[in-house]
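What follows is a single structure, written as structure tokens, with notes after it.
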Amino acid sequence: MGFLSECCLGGTALQTLRLASIPHSFLGSPKTLTLNRLRVIHSRRPLPGLAPRFRPFSASAVRTVPAVAEGDEKVVKQNRQWRAAIDFKWIRDNRDAVATNIKNRNSNANLDLVIELYEKYLALQKEAERIRGVRNVVANKMKGKLELSERQALVEEGKILKEGLTALEEDLNELTDKLQQEGQCIPNITHPDVPIGDEDCSAVRKMVGSPREFSFPAKDHVQLGKELDLLDFDAAAEVSGSKFYYLKNEAVLLEMGLVNWALTEVMKRGFIPLTTPEIVRSTVVEKCGFQPRGQNTQVYSVEDSDLCLIGTAEIPVGGIHMKSILPDSSLPLKYVAYSHCFRTEAGAAGTATRGLYRVHQFSKVEMFIFCRPEESDFYHEELIGIEEDLFASLGLHFKTLDMASWDLGAPAYRKFDVEAWMPGLGRYGEISSASNCRDYQSRRLDIRYRPSTTDALAGSPKRGKGAGPTQFVHTLNATACAVPRMIVCLLENFQQEDGSVVVPEPLRPFMGGLEVISPKFRRV
């Protein structure tokens, strides 16, 4: 069972976070009123040791929430912290396992604080229920025949009880927000077979093919793209900045061909095709486990709004069934989505990321599955199998890795990466990944299903009121084709001594039958 979010701020609010306060029973001895054996809160004090732990924001991120007048209900509603269905009881009851998992994933989540806040939340909730019970007793007394003085005393007592309960409920809401803020930092649990450590500890799961041996000096895709008049980085840098590019001539056909080839092949396997919004609410980004704000964020935020550009179609596809209860009969739901993607690539530099390998904008075909919990391991294997079939059919040499715990990010329970050999760059480079996120994302996006039960006598499924309680679905995602890196692989692996590049046979029907990309004739 997964439970949490990479975004430790939880929600879109960038305003000052109020400190939570809780009643006297947890804080010592604030001033109280004693009324018919009921102690009602008369003062509010902040939780000890719970000063807000803010993550740094970039200047552009801070500007994404416009300044507003205090009391604007619409803005308050927009900035209210969203809440995930985190199983805090499970976390508390499995404290040692969760602590080990946090350590194994190199996370900075504060488990002790989460459990402390949860215990205070339970106690505060119990206190609120006690006051409600006393209010009910007072209300029932007022139904009887009473002297005027007795009724007046009960009315006054009811008012004080109401004020005390209102204060408690405000404290409970603030404490819940703080609990969510900290709880969402705890990463998903980890598959027992995942290697522990950094990326270098990842295990090779499969090796396909072998590196091509060239009888001539191999060029990288940047040189090939220039000589074949396929890529223009210089003009793009003038127009948009570094890490942007123009595709030209056959490279345009290659991009369109790759997209249509990937969509066609994945649709054959029962996936529903989608194009998606490419601007989404920041809360949806957070609920999928990505951090939309911070100095090293990979997410572009839209100024003066709560909107972000997507870094992957995983985000809008994950949100397509947000706040839904899916019919059991509809599962699994399999989507294949085409979108443009936008990433800041903060901190990325050097020869290892030059050219098309790491860019700010690119096209991608993404697979996404919603399924029953007991089926997610099976569909994870299916997704990585599809990726391996696609890349093998193009004749690429690649290896599949079972990624180590430090490289999983917060959402993934397990992640397989495919790294293809890129001879021009002289190394393997990641071209896809496939992640099983279990119920980590669905608990944040509120996506459930109602399992159908079986009539023991008739053997037929029951639905409706007689069916079992709802459960959170499991979500999985995998890359079918990240276009720029596929272009890197194809240009570098299929280059010829005369400077041309052979188009792999599976792509030719999607490129008008083009077999070879040849050097352009240039008049001297």
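The values are calculated or read from the model by the stated rules, or taken from the named source; none is laboratory data. Computed from a predicted model, the values in this text were never measured in an experiment. Don't worry about glycine lacking a Cβ; one is built from the backbone with ideal geometry, like all the others, and counts go over all protein chains shown. SASA here: full protein model, heavy atoms, side chains in, ligands and nucleic acids out. Shrake-Rupley method; radii C 1.70, N 1.55, O 1.52, S 1.80 Å.
Among the residues of region 354-366, is any open to solvent by 30 Å² or more (accessible area, probe 1.4 Å), under 20 Å from G289 (Cα atoms) and either at pLDDT 95 or above or hydrophobic (A, V, I, L, M, F, W, C) (or both)? Within region 354-366, none of the residues are open to solvent by 30 Å² or more (accessible area, probe 1.4 Å), under 20 Å from G289 (Cα atoms) and either at pLDDT 95 or above or hydrophobic (A, V, I, L, M, F, W, C) (or both).
What residue, of E147, E116, is open to solvent by 80 Å² or more (accessible area, probe 1.4 Å) and either without any contact (Cβ under 8 Å) to a residue 12 or more places away in the chain or in contact with a strand residue (DSSP E or B) (Cβ under 8 Å, 6 or more places away or on another chain) (or both)? Show your work before the answer.
Values: E116 fails: open to solvent by 80 Å² or more (accessible area, probe 1.4 Å).
One residue alone meets the criteria, E147.
The residue of region 422-455 that is surrounded by the fewest Cβ atoms within 10 Å (Cβ to Cβ), among those that are part of a strand (DSSP E or B) and of a type in the set (S, T, Y), is T454. If we keep just the residues of region 238-252 that are open to solvent by 50 Å² or more (accessible area, probe 1.4 Å) and assigned to a helix (DSSP H, G or I), which is nearest to W421 (Cα to Cα)? Among them, the one singled out is V252.
Scanning region 493-514 for residues that are touching a Phe, Trp or Tyr at 6+ places or on another chain (Cβ under 6 Å) and within 16 Å of E213 (Cα to Cα) yields E497, V501, V502. Of the residues that make up region 459-474, is at least one among the hydrophobic types (A, V, I, L, M, F, W, C), modelled with pLDDT under 95, out of contact with any Phe, Trp or Tyr (no Cβ under 6 Å at 6 or more places or on another chain) and under 30 Å from N188 (Cα atoms)? Scanning region 459-474, I find at least one residue that is among the hydrophobic types (A, V, I, L, M, F, W, C), modelled with pLDDT under 95, out of contact with any Phe, Trp or Tyr (no Cβ under 6 Å at 6 or more places or on another chain) and under 30 Å from N188 (Cα atoms), so the answer is yes. Scan region 184-198 and report the pairs whose first residue is under 20 Å from Q81 (Cα atoms) and whose second residue is among the charged types (D, E, K, R) and open to solvent by 10 Å² or more (accessible area, probe 1.4 Å), with Cβ atoms within less than 6 Å and a gap of 6+ or a chain change. What qualifies is P187/R105. For region 206-219, a tally of residues being open to solvent by 80 Å² or more (accessible area, probe 1.4 Å) and within 18 Å of S518 (Cβ to Cβ) returns 0. Restricting attention to region 269-284, the residues being open to solvent by less than 20 Å² (accessible area, probe 1.4 Å), under 26 Å from A85 (Cβ atoms) and modelled with pLDDT of 95 or more number 2.
If I ask for residues that are assigned to a helix (DSSP H, G or I) and either within 27 Å of I487 (Cβ to Cβ) or open to solvent by 10 Å² or more (accessible area, probe 1.4 Å) (or both), which ones from region 370-379 would you list? P373, E374, E375, D377, F378, Y379 - these are the residues of region 370-379 that are assigned to a helix (DSSP H, G or I) and either within 27 Å of I487 (Cβ to Cβ) or open to solvent by 10 Å² or more (accessible area, probe 1.4 Å) (or both). The residue of region 392-407 that is nearest to A420 (Cα to Cα), among those that are assigned to a loop (DSSP other than H, G, I, E, B) and in contact with an Asp or Glu (Cβ under 8 Å, 6 or more places away or on another chain), is M403.
Every residue, every condition in (1) in contact with a helix residue (DSSP H, G or I) (Cβ under 7 Å, 6 or more places away or on another chain); (2) closer than 12 Å to N477 by Cβ; (3) among the aliphatic types (A, V, I, L, M), yes or no:
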position	(1), (2), (3)
L390	yes, no, yes
G395	no, no, no
K399	no, no, no
L408	no, no, yes
P411	yes, yes, no
E430	no, no, no
C437	no, yes, no
Y440	no, yes, no
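Restricting to region 225-237, and then to whatever is in contact with a helix residue (DSSP H, G or I) (Cβ under 9 Å, 6 or more places away or on another chain), open to solvent by 40 Å² or more (accessible area, probe 1.4 Å) and assigned to a helix (DSSP H, G or I), can you tell me which residue is farthest from E492 (Cα to Cα)? Per the stated criteria, the residue is F233. Of everything listed in (1) assigned to a helix (DSSP H, G or I); (2) surrounded by fewer than 18 Cβ atoms within 10 Å (Cβ to Cβ), the single unmet condition for E345 is (1). For region 286-316, a residue qualifies if it is under 16 Å from I447 (Cβ atoms) and free of Cβ contacts under 8 Å to residues at least 60 places away in the same chain, and the qualifying residues are I315, P316.
When F290 is tested against (1) open to solvent by 30 Å² or more (accessible area, probe 1.4 Å); (2) farther than 23 Å from N436 by Cα; (3) among the hydrophobic types (A, V, I, L, M, F, W, C), only condition (2) is not met. The condition (being part of a loop (DSSP other than H, G, I, E, B), surrounded by 13 or more Cβ atoms within 10 Å (Cβ to Cβ) and aliphatic (A, V, I, L, M)) is satisfied by just one residue among V222, V299: V299. Say we look at region 119-144 and pick out the residues that are without any contact (Cβ under 8 Å) to a residue 12 or more places away in the chain and small (G, A, S); which of these is nearest to L179 (Cα to Cα)? Per the stated criteria, the residue is G133.
Look at (1) part of a helix (DSSP H, G or I); (2) of a type in the set (D, E); (3) crowded, with 24+ Cβ neighbours inside 10 Å and you find that E382 fails only one, number (3).
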